[in-house]
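Here is the structure we will look at, set down as structure tokens.
The numbers here are math on the coordinates, done by the rules we state, and not lab data. Note that this is a predicted model, so its numbers are computed, not measured. Note: ideal-geometry Cβ built from the backbone for every residue, glycine included; neighbour counts use all protein chains shown.
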Amino acid sequence: MCAAFQDTVAAMGEQVALRTKGDAMRITWREYGERVRRIAAGLAALGVRPGSCVGILMCNRPEFNLVDTAAMHLGGVPFSMYLTSSPEQIQYFVRDSGAAVLATERVHLPRLRAMNLGIETFITVDGEADGALSLAQLEERGRPEFDFDAAWRAVTPDSLLTLIYTSGTTGDPKGVELTHANMIAEVRAFQAVRQLEGELRVISYLPHAHAADRFGTHYLPMTTGGSVTACPDPRLLFEHVPEVRPTQFTGVPRVWEKLKAALEAKFAAEPPEKRAMIQAALEAALAKVRLEQAGQPVPEALAAGVARAEQLMFAPLRAALGLDQSRSFFVGAAPSTREVLEFFFALGMPICEVWGMSELSCVATAMPLGTNRIGTVGVALPGIELRIADDGELLARGPVVMRGYRNKHEQTRDTIDADGWLHTGDVAEIDGDGFVRIVDRKKELIINAGGKNMSPANIEARIKASSPLIGQAAVIGDARPYNVALLVLDPDGAMAFCRARGIDQPLPALVEHPEVCVEIARAVAAANEHLSRIEQIKRYALLPAEWLPGGDELTPTMKLKRKAISAKYAPQIAALYA
């Protein structure tokens, strides 16, 4: 990855590499290379050597790329921590990694220093602070005799590139060890299928500790060039999109669900005549999408009508959003419903579902260019083998498979077998053309009292897609006679709902508001219409709470902590079965 970065610096020169909104900060590839050289010299003076871990705790900002890349050039192992991490988790990350240097922002420094982490040097990337080195001071620390070129050329393909701590729904996080060879294989395999060009423009808004952000907005641009715009708060994402006009856009399912809800609310607020036109255009476009997905011919009249809608309605809508120059749209990390995917297909934004995991360096399957089968996550990337075990678990093998879990040899042996197959924990199916359909997490499948297997994640995705009011859903039903659900309101969706109806109440009180209760009941009934009888939700509880990433109920990557939820809400669950 060091050689890839140096090649890109030489090729891209004065093109912008890193920036923030409004060009408040703007760094060219040449400047990126020079800053990395100086920061690496400073880190070397602090004692960072091949194999040394460097901790990073900061929001999405260009300084992350600078510090991470500099450490990488020393053969160091930079790793990021979630801003939502608890003190106990941060202490664990530092202890497990053995990091002696930690780069952060001034606002976090008092909290970190109070944790007694044993860190020798704190670096504050946004200015000077007592008890820390500023980034400028670090850059001045480099010694004249330091040989930067010799340092990065000594880094080998087998050198560790980074640690990605899986957020983990139970137990301690696991530090996924990825090598330079792993990431080069990942980049090459993804590029062979998707062919992203050098004028890449992407927005970094997912946490840096998330494999998708590290791959898509850090390592990938190092090999292709292009520019990365840092968005410091994911809630500000769609304030950045119109300015950046990204060439590729990736969202976790919740991003797409909320965008769909916002667009539908916008359509509903139009005057009756225009609203009817929009509805007719959408219905025609959806009909076309469904025929194409079924492999059936599209009638000429329907195609012509959709083409007119594309010109008059859909193309201007994409331009207004700032997504008119996006050549690729991606979703991953959790299941997406067909309803959401079809909606964006109809608007001219064909979202490609991908599948992967940190242990596979990020993405392991993707849609080949020109192909998009809704309901699948594409085919295996070149060089990656997939097969289904006897119990339905998806196994993967290839050069993207991690070196192992840091300091967890037994868990590594349990995950990667003697033949090199990584046991993913996902239950899947592979069709005759090699397209993969993910059924669910192996350990999360619900087996009800009647012995029927079902996927809670798919049921939850269907419930959340049924109303913008529903922010989170947790389905319970394992060893039970029927399924129940715990539901949580979406703050943005609730605000829009209340504004449209003149309701002025705080979020916790809304769970008892008659209009809210009616809408939630309608949404659950609508979701049940798309579910088999055994999958349907028989009873539910609407909780007066907000589930936040990194909190009791959600991991930082917004996966449900099912055991923690079952324990915390045991009385409510018991009442649903009473």
Subject >> Loop-located trypsin sites (Lys or Arg not before Pro) in the stretch 519-548, at most 14 other Cβ atoms within 10 Å (DSSP) >> reply: Arg533
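Please say if the stretch 348-474 is rounded, prolate or oblate, where rounded means a/c under 1.5 for a ≥ b ≥ c the square roots of the C-alpha gyration tensor eigenvalues, and otherwise the choice is prolate for a/b larger than b/c and oblate otherwise?
oblate
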**OP:** Within the stretch 76-134, list the GluC sites (Glu not before Pro) lying in a DSSP loop whose Cβ has at most 13 other Cβ atoms in a 10 Å radius.
**Re:** Glu120, Glu128
Original post:
Which shape class applies to the chain: rounded if a/c is under 1.5, otherwise prolate when a/b exceeds b/c and oblate if not, where a ≥ b ≥ c are the square roots of the Cα gyration tensor eigenvalues?
Top reply: prolate
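For the stretch 260-346, state which trypsin sites (Lys or Arg not before Pro) are in a DSSP loop and have at most 16 other beta carbons lying within 10 Å of their beta carbon.
Details: sites: Lys260, Lys266, Lys274, Arg275, Lys288, Arg290, Arg308, Arg318, Arg327, Arg338; in loops: Arg327.
Sites meeting the loop and neighbour criteria: Arg327.
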Original post:
Tell me, what does the Kirkwood hydrodynamic radius of the stretch 445-577 come to in angstroms if you use every pair of distinct C-alpha atoms?
Top reply: 15.1
Original post:
Tally Lys/Arg at +1 and Asp/Glu at -1 over every other residue whose Cβ is under 14 Å from the Cβ of Ser361; what's the total?
Top reply: 0
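What does the C-alpha gyration tensor say about the overall shape of the stretch 55-129? Classify as rounded when a/c is under 1.5, otherwise prolate if a/b is larger than b/c, or oblate. Show your work: numbers first, answer last.
On the way: a/c = 1.55, a/b = 1.17, b/c = 1.32.
Oblate, since a/c reaches 1.5 and b/c is not below a/b.
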**OP:** Could you rank the peptides 363-370, 458-465 by their average count of other C-beta atoms within 10 Å per residue, with the highest value first?
**Re:** 458-465, 363-370
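Determine the sum of side-chain charges near Ile470: Lys and Arg each +1, Asp and Glu each -1, restricted to other residues whose C-beta is under 15 angstrom from that of Ile470.
On the way: positive: Arg254, Lys258, Lys260, Arg462, Lys464, Arg522; negative: Glu257, Glu264, Glu339, Glu460, Asp490, Asp492, Glu515, Glu519, Glu546, Glu553.
Charge balance near Ile470 sits at -4.
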Subject >> Centre separation in Å (Cα based) which lies between the stretch 48-113 and the stretch 382-408 >> reply: 28
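Per residue of the chain, what 222 nm ellipticity follows from adding -39500 (n - 2.57) for every DSSP H run with n ≥ 4, rounded to the nearest 500? Working shown, then result.
Working: 23 runs with 226 residues, N = 578.
Only helices count here, giving -11500 deg cm²/dmol.
Set the bar at 19 Å for Cα to Cα. Now go through Lys443/Lys538; Lys464/Lys559; Lys174/Lys559; Lys408/Lys561; Lys464/Lys538; Lys174/Lys258 and name every pair that lies beyond it.
Details: Lys443/Lys538 23 Å; Lys464/Lys559 14 Å; Lys174/Lys559 16 Å; Lys408/Lys561 22 Å; Lys464/Lys538 16 Å; Lys174/Lys258 31 Å.
In this structure, Lys443/Lys538; Lys408/Lys561; Lys174/Lys258 exceed 19 Å between Cα atoms.
With an 8 Å cut-off on Cα pairs and a minimum separation of 6 or more residues, tell me the relative contact order of the stretch 445-577 in percent. List each step's numbers first, then the result.
Details: 199 pairs, mean separation 31.2, N = 133.
Value for the stretch 445-577: 23 percent.
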